[in-house]
Number of protein chains: 2
Amino acid sequence: MSETAAPSRRELNKTANRDAIAAAALELLRSRGMGEFTVDDIAATAGVSRRTFFNYFSSAEAAIASFTQKYLDSVIEQLLRRPSDEPLLESAQHALTAVGSPRDLALLAETYALTQNHPQLSRYQLQAWDECSTSIIAAATNRLGKVDDELYLHALVGSIIASGRAAMEVWFQQRGPDTSETSLAILRQLLFDAVGHLRSGFNP
Amino acid sequence: MSETAAPSRRELNKTANRDAIAAAALELLRSRGMGEFTVDDIAATAGVSRRTFFNYFSSAEAAIASFTQKYLDSVIEQLLRRPSDEPLLESAQHALTAVGSPRDLALLAETYALTQNHPQLSRYQLQAWDECSTSIIAAATNRLGKVDDELYLHALVGSIIASGRAAMEVWFQQRGPDTSETSLAILRQLLFDAVGHLRSGFNP
DNA sequence: CCGTGATTTGCACAGAGTGCAAAGTTGCAC
DNA sequence: GTGCAACTTTGCACTCTGTGCAAATCACGG
């Protein structure tokens, strides 16, 4: 069915460049910490010009947040694979915890941990989660046709995303920057349980 | 009981300055639109130096987002006034729609409307809502003592805030930049209904 | 091999944000 | 009211950000 299609040389170079830049940003984040490096540093590490950096990302924070976006994109992908008659909350519960890409979850967790106390980066992460909401709403609207109750859908999807973020926050409080396999398993469980609470209407 | 206490001259000057700067930012936002003015413009309009602007706000966006923060602060204030044995969802429903400060809600709506398509400002607004979550969680933890289920509390409060944001979004889709009394009444109703959906566990 | 369109790069420039020290205010004790 | 201590505003200098523009470079099809 849907092949990934044309990996032309140009396309390949483009994603390779993008990945190299994001990887360079992550490397500097790990080694120096947020705020301790500049866009020039990232560009130099990635082996591109400063100007090219800005062709791909609008800021250093955006480059780091791309890892969060990547995880959330894979969540949406999983979500679209669920049977379309399955209740949204159930689909979401599975999509958030699906291990379609273990590395994505690990990077989500790592960048989340390295983000603490860096307002501007936090804002970019928030935006990534919010855009995920928007995508899910669009997909649901697409699938169900014009919904009768916009408010219901927005509040529901927003709550799902909020539950996901709650799981991240609680995980980090409990585990700190530990991103071992064990720790990530706990994170997955928290993601599952958070949406579980939502599914049960927050009735204990 | 808790008086607002010492309005010393210094304190007064400080809040007056802060208000003047925020008002100047809003005025420029209204007259020129986001991205069409600089921090120097705001400082000049407010009658302070550029450097003083940065003593109060870290960016133009932060100055605009202060109106959202103000509304959310008043929500928290209302929330703390509710009887402490009332279920959190019920308290939240009332706090979000309480007209403790009609002007705050109007400014929330207006700045929300003027924010569309301005990523950096959107991020600041998101952050304001997120910090509100954090405050509510802290308050609840404070009131109930160390909670047994952190995840439950985080997911619940996050969902409340998400419902509030959902109401804002739906309101704006329906009403655009209309901030008349009638329109604001609709917004209040949407806020009430959004949390209502959450209260009923999203069961139609 | 060459032309065409996309991509990268260098350069220039306006503006953001911050440290620092001088100048100006406010509060308080005498 | 004088004067000193603490706080606030301001100007200045400096680094870094983000973007427009045009030249150079690259990918691809003929």
>> On the basis of being more than 19 Å from the chain's Cα centre (by Cα) and of a type outside the set (A, V, I, L, M, F, W, C), does B:Arg81 make the cut?
In response: no
> Of all residues in the stretch B:7-47, how many are open to solvent by less than 30 Å² (accessible area, probe 1.4 Å) and either more than 13 Å from DNA strand D (Cβ to nearest atom) or farther than 23 Å from B:Pro119 by Cβ (or both)?
Replying inline: 9
>> Just to verify a result, which residue in the stretch B:48-69, among those that are open to solvent by 60 Å² or more (accessible area, probe 1.4 Å) and either closer than 23 Å to B:Pro177 by Cβ or within 14 Å of chain A (Cβ to nearest Cβ) (or both), is nearest to DNA strand D (Cβ to nearest atom)?
In response: B:Ser58
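Give A:Val99, A:Val39 a once-over and let me know the one that is among the hydrophobic types (A, V, I, L, M, F, W, C) and modelled with pLDDT of 95 or more.
After ruling out the rest, the residue left standing is A:Val39.
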> Out of (1) over 21 Å from the mean Cα position of the chain (by Cα); (2) within 11 Å of DNA strand C (Cβ to nearest atom), what's the single condition that is false for B:Ser31?
Replying inline: (2)
>> Out of the residues in the stretch A:7-26 meeting the condition of being within 12 Å of DNA strand C (Cβ to nearest atom) and at pLDDT below 80, tell me which one is nearest to the other protein chains (Cβ to nearest Cβ).
In response: A:Ser8
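Among the residues of the stretch A:55-78, which ones are under 21 Å from the mean Cα position of the chain (by Cα) and farther than 16 Å from A:Tyr124 by Cα?
A:Ser74, A:Val75, A:Ile76, A:Glu77, A:Gln78, listed by residue number.
The values are calculated or read from the model by the stated rules, or taken from the named source; none is laboratory data. Treat the numbers as computed from the prediction; the structure is a model and nothing was measured. So basically every Cβ, Gly included, is an ideal-geometry build from the backbone, and we count neighbours across all protein chains shown. The protein model used for the area step is the full one, side chains on, heavy atoms only, and it has no ligands, DNA or RNA in it. Shrake-Rupley method; radii C 1.70, N 1.55, O 1.52, S 1.80 Å.
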